[in-house]
Amino acid sequence: MALLEVKDLSMHYWTRKGEVKAVDEVGFSLEKGESLGLVGESGCGKTSMALTLLKLLPENAKILKGHIFFYKEFQPQTANALLGEMVNLVPQKANGRASTLGRLTRIEGEKLLVQPARNGATKAPSPVSFSFSEIAQVGLDLVPLREERMQRVRWKGISMIFQAAMNSWNPVYRVGDQILEAMQTHLPKTSVQQSKKRIAELFQMVGLDPRMMERYPHEYSGGMKQRAVIAMALSCDPELIIADEPTTALDVIVQDKILREMRQIQKQLHMSMIYISHDIAVIAEVSEKIGVMYGGKLVELADTQTIFERPAHPYTKALMSSFPNLKGEKKKLEALPGEPPDLISPPTGCRFHPRCPYATEVCKEKDPVLEVRQPGQVAACWNPLH
Amino acid sequence: MSNPEQTNPVIIETDRSTSLVRIQNLSKTFPVASGFFRKGNSFIHAVDDISFEVGEGEILGLIGESGCGKTTTGKLLVKLETPTSGQVFLKNTHVEVKLPKQKAGVAKATSAKTKAISLVTSDGFADIAHLRGRSLKLFRRNVQMIFQDPYESLNPRMTIYDICAEPLSVQSIGSLMEREARVAELMDLVGLTPPETFLFRYPHELSGGQRQRVAIARAMILNPSFIVADEPTSMLDVSIRTGVMNLMLELREKFKISYLYITHDLAVARYMCDRIAVMYLGKIVEMGQTEDIIQNPQHPYTRALISAVPIPDPSVRRQPMELKGGVTKPINPKPRCRFYERCPMATQRCATSDHPPLEDKGSGHSVACYEV
Ligand SMILES: Nc1ncnc2c1ncn2[C@@H]1O[C@H](COP(=O)(O)OP(=O)(O)OP(=O)(O)O)[C@@H](O)[C@H]1O
Ligand SMILES: Nc1ncnc2c1ncn2[C@@H]1O[C@H](COP(=O)(O)OP(=O)(O)OP(=O)(O)O)[C@@H](O)[C@H]1O
Ligand code: SF4
Ligand code: SF4
Ligand SMILES: [Mg+2]
Ligand SMILES: [Mg+2]
């Protein structure tokens with residue numbers, strides 16, 4: 001069952017030098033309980049992607065197009081809360097109807113009325129009716145969602161571990177109190193007592209002594225601060241956590257321990273995860289699927305094994321062969337020529353073409369789109385490796 | 001060399017054999033401020049009685065977790081820090097000895113000779129602590145350090161040309177034209193081509209990888225024999241990093257340069273280094289041929305470290321080794337094994353004995369542990 005579906009999503013930043021095309025026509029989906037890793041070099045748009053999913057964007061940023069569907073099983077009693085929003089209705093499998101994207105305009109008895117998007121047509125299409133029993137899932141589109149509504153999705157639905165978050169603890173408050181405050185904001189119905197109990201449990205879960213709740217950030221080591229960040233991300237029982245470089249600043253032994261703990265918690269709670277890292281070795285260990293980004297685009301997506309054994313995109317292959325390995329035979333690493341693309345004026349056609357050993361004429365002119373290479377593997381390339 | 005009166009510099013040129021740098025019982029402590037007014041009698045033992053050699057054309061890797069003393073060791077080797085005790089010897093160093101004034105003219109020459117020779121070991125190494133004046137200048141030419149952060153290590157107000165040519169002008173080497181030619185040559189060597197497109201830019205107009213290449217060009221311009229490279233690629237992007245690593249390997253091949261290659265990344269160390277020294281809280285706990293260390297680590301800390309490295313191959317399953325606690329600071333360390341608190345193999349003997357000595361266990365693989 002899908003939890004998150006991203007379709008044709010573009011987000012650009014406006015700067016004095018021009019428009020930074022940081023996320024460009026990206027699409028993927030994530031199942032419930034699944035972990036996806038996003039890899040790519042510095043500046044390829046990984047953090048921008050994460051911030052877009054949470055709509056935590058700076059003022060100079062704008063989502064230009066696309067959808068972010070956050071799916072829930074349909075429950076009639078919650079239908080009212082979706083009234084007026086853009087949704088993607090997914091009918092029961094057996095039913096044979098197509099999923100429908102549109103604004104939920106009305107609830108009539110046991111029926112939902114959806115006004116499909118106009119999509120350039122001059123005449124508005126007629127509303128579509130679904131009976132409650134026909135609907136399997138409702139995907140709330142986060143892109144047009146108002147900020148007040150979005151706040152209810154953050155933390156409880158999707159929470160995030162920010163890049164370098166361990167340095168963002170406020171030094172003058174106790175760590176436990178900072179988590180408590182976040183919980184009180186997002187779960188106002190939970191009592192202080194209950195919340196504290198929950199934080200103590202979470203501390204235990206991430207390997208911190210619950211007594212550390214009463215301590216200040218400077219009494220924590222780097223690894224402990226990062227564990228507390230993870231506890232905070234878990235505090236509102238999210239369905240999805242986006243972890244942006246969660247262990248990059250940590251020493252390898254601590255990193256390894258924290259990653260294993262996160263993996264275990266994720267499985268135990270049947271949570272979905274999006275791990276973001278430039279380190280493909282880290283991603284390989286924690287993710288079932290890997291998405292490779294290059295220059296603001298998702299260029300390949302497949303399960304971890306396939307990415308390693310049968311990459312289809314030349315950049316994926318280059319990325320793999322530029323990492324030194326601790327195991328196996330020691331071999332000469334191939335360096336990619338050139339520099340990562342400038343996202344203000346990216347290369348025409350395929351953004352990788354100036355550095356790609358397989359580039360042909362078409363690559364300079366036309367932008368390739370994601371195509372299925374084998375079941376479970378998509379890649380955007382005119383001359384895929386298979 | 002405490003006598004300030006001086007005449008007669010004596011320069012001794014030493015001959016070549018296989019090792020280039022040798023450090024002996026090197027230590028560096030830093031005082032720890034405790035409270036506002038007290039000076040405090042606590043010390044961080046950042047580097048604690050370590051000894052090793054780096055061969056000519058050899059790359060020795062120094063690995064370990066944050067704060068274990070890698071950068072401090074590197075700085076001691078290039079004389080950016082002064083050792084608290086112990087010595088750094090460098091081969092082929094011109095040692096200029098400042099001698100006290102002599103009364104009798106006849107005694108002068110022989111006395112000068114004895115004095116000078118006492119600073120150079122029998123196999124021709126000179127202690128860099130005694131370098132002054134011209135010999136120090138020559139040392140600065142011969143030994144270079146490349147820093148981790150290419151954003152901070154280059155002067156933002158100087159052009160790439162000036163940055164690269166500066167060592168030449170400091171050393172008053174060459175005419176203007178010769179300097180220009182040499183800079184262009186180096187730019188070519190590090191892959192910043194064509195040089196004209198880079199020479200008159202400023203550091204902020206270059207990418208991280210390009211900046212690190214500039215730092216390497218600058219370090220190489222005086223033909224050094226020894227370079228301390230402190231995490232030179234850890235700030236760089238994957239695709240760029242490989243280029244810089246391959247460049248450093250090529251330069252070693254071409255010019256027989258020796259490196260002390262500091263990194264916390266074991267996979268990088270495996271790729272770059274001939275031998276590896278593993279540091280833990282100021283001590284070297286294991287040292288040996290790279291493949292020996294990676295495939296057959298002996299010290300419990302090295303084993304834990306290697307078992308924690310993620311492997312970019314989903315078909316490999318690791319067996320991580322659990323360690324208690326985390327890295328601390330070596331402030332007034334107890335006189336026992338530095339790894340004792342975290343060691344899963346510690347015994348009674350470890351609790352009551354001094355820090356174990358680094359002992360050769362055969363074929364140049366040394367380990368500092370009672371239980372190996
Ligand atoms: N607030 C901003 N305004 C303008 N441009 C931005 C802003 N934030 C990021 N960018 C640009 O957008 C692009 C993508 O940046 P992003 O931070 O998403 O990369 P990343 O893949 O997370 O990189 P890293 O691995 O270094 O964290 C870069 O070119 C970056 O310079
Ligand atoms: N100038 C100084 N004054 C006081 N303490 C210092 C100084 N320089 C280093 N230290 C301390 O000495 C120890 C070793 O530091 P060093 O920078 O050599 O470690 P490192 O192995 O290079 O770490 P990293 O991987 O984080 O760069 C640390 O505990 C550090 O805090
Ligand atoms: S589309 Fe062309 S340039 Fe782009 S990755 Fe494929 S072969 Fe290379
Ligand atoms: S000497 Fe003892 S405490 Fe130290 S590493 Fe060896 S077994 Fe562990
Ligand atoms: Mg980022
Ligand atoms: Mg350092």
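The values are calculated or read from the model by the stated rules, or taken from the named source; none is laboratory data. Quantities reported herein were computed from a predicted structural model and do not represent experimental measurements. Backbone-built Cβ (ideal geometry, glycine too); neighbour counts: all protein chains shown. Accessible surface areas use protein heavy atoms only, side chains included; no ligands, DNA or RNA. Shrake-Rupley method; radii C 1.70, N 1.55, O 1.52, S 1.80 Å.
Each listed q (0.10, 0.14, 0.17, 0.20 Å⁻¹) maps to a log10 I(q)/I(0) for the range A:85-194, found by the Debye formula over equal Cα scatterers with no solvent: -0.50, -0.76, -0.91, -1.09.
Nearest 0.05, what FRET efficiency do B:A351 and B:E152 give at R0 = 25 Å with Cβ-Cβ as r?
Working: r = 43 Å, r/R0 = 1.72.
For R0 = 25 Å, the calculated efficiency reads 0.05.
Counting Lys and Arg as +1 and Asp and Glu as -1, what is the net charge of the other residues whose Cβ lies under 14 Å from the Cβ of A:K62? Can you show the working numbers first?
Working: positive: A:K21, A:K55, A:K65; negative: A:E19, A:D24, A:E59.
Net of charged neighbours comes to 0.
In the range A:310-350, which residues give up 30 Å² or more of accessible area once the other protein chains are added, compared with their chain alone (1.4 Å probe)? For the range A:310-350, once contacts with the other chains are taken into account, A:S322, A:F323, A:P324, A:N325, A:L326, A:K327, A:K330, A:K332, A:L333, A:A335, A:E339 lose 30 Å² or more. Straight-line reach from A:K364: taking Cα to Cα under 21 Å and skipping same-chain neighbours fewer than 8 places apart, the lysines in range are A:K21, A:K297, A:K317. Using a simple spin-label model with pseudo-atoms 7 Å out from Cα toward Cβ, A:S345 and A:K189 lie 5.6 nm apart. Model label points for B:Y202 and A:Y173, set 7 angstrom from Cα along the Cα-to-Cβ axis, are 4.0 nm apart.
To the nearest 0.05, what FRET efficiency results for A:E181 and A:R118 with a Förster distance of 41 Å applied to their C-beta separation?
On the way: r = 43 Å, r/R0 = 1.06.
That gives a FRET efficiency of 0.40.
Compute the signed sum of charges (Lys and Arg +1, Asp and Glu -1) over the other residues within less than 13 Å, Cβ to Cβ, of A:K72. Can you show the working numbers first?
On the way: positive: A:K32, A:R152, A:K156; negative: A:E5, A:E73, A:E85, A:D141, A:E239.
Net local charge, A:K72 excluded: -2.
Separation of the alpha carbons by more than 26 angstrom is noted, of B:K75/B:K283; A:K225/A:K289; A:K197/A:K267; A:K257/B:K70; A:K32/A:K62, for A:K225/A:K289; A:K32/A:K62. Applying 1/(1 + (r/R0)^6) with R0 = 51 Å to the Cβ-Cβ distance of A:S129 and A:S221, what FRET efficiency is obtained, to the nearest 0.05? Result of the calculation: an efficiency of 0.30. Gain on full extension, evaluated as 0.36 nm per residue between A:L64 and A:R146 minus their Cα-Cα distance, stands at 28.0 nm.
Report, in debye and to the nearest 20, how large the dipole of the protein assembly as shown comes out about its Cα centre when Lys and Arg carry +1 and Asp and Glu carry -1 on their Cβ.
Numbers: 93 positive and 84 negative charges, 290 e Å.
Value, rounded to 20: 1400 debye.
Test of understanding: in a Gaussian network model of chain A with alpha carbons linked when under 10 Å, which of A:R174, A:R106, A:R146 would top the mean-square fluctuation ranking? Sorting by GNM fluctuation, first place goes to A:R146.
Debye sum, Cα scatterers, the protein assembly as shown, no solvent: what log₁₀ I/I(0) at q = 0.07, 0.08, 0.11 1/Å? Reported log10 I(q)/I(0), two decimals: -0.61, -0.78, -1.31.
Using the empirical formula 2.2 N^0.38 Å as the baseline, the Cα radius of gyration of the range B:259-372 reaches a ratio of 1.08. For B:K361, no lysines have a Cα falling under 16 Å of its own Cα, not counting residues fewer than eight places away in the same chain.
Setting aside same-chain residues fewer than 8 positions from B:K256, which lysines have a Cα under 17 Å from its Cα? Once the sequence-local lysines are set aside, what remains near B:K256 is B:K91. With a simple spin-label model that places each label point 7 Å from the Cα along the Cα-to-Cβ direction, the separation between A:T78 and B:T84 comes to 6.0 nm.
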